[in-house]
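To keep things clear, I will list the structure first and then write my remarks on it.
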Amino acid sequence: MLDWEHDDGRAGLVGKLIYGGRDGYEVEIDDRALAHLKVAVFAKLRRNESFSFSWESGSDDEGGRHSIWVSPASMIHFYFYGTRPPVLNRTWLKQLISSANDGDLRLIEEPVEDPAAATEASSRGRW
């Protein structure tokens, strides 16, 4: 499970990325991270671009690395446990999309929001 604590120390709600249809492979991901991942994945797929998505799981002793190939033909379902979409961190989105543009989307921890990016996003009403 990929999860983070929020700035106030509380654990996030955990949703799922389901790859491959109804009986597909499920990855549990914190809802906030999953919302950012969804935007990055859809940005690539909207352009008809394929890429790999990689992540690490488990503890250092029992963890592992995983990768899946994502293409416009892939069946992907994003299931969010929470009902409210989060305010998105534009800096994080740019980093995620940049890694996907390099060929391997990697789920990284949320960076501190760049104030200029936040102002730009609110003025344009995007993401």
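Only the coordinates and a few stated rules stand behind these numbers; no lab work does. It should be emphasised that the depicted structure is a prediction, and the values quoted were computed from it without experimental measurement.
Some observations on this one:
- A full extension of the chain between Val87 and Arg46 corresponds to an added length of 12.6 nm, given 0.36 nm per residue minus the alpha carbon distance.
- Note: relative contact order over region 14-124, using C-alpha pairs below 8 Å and six or more positions apart, is 31 percent.
- Karplus-derived 3J(HN,Hα) values for region 80-86, using 6.51 cos²θ - 1.76 cosθ + 1.60 with θ = phi - 60°, are 9, 6, x, 9, 9, x, x Hz; glycine and proline are entered as x.
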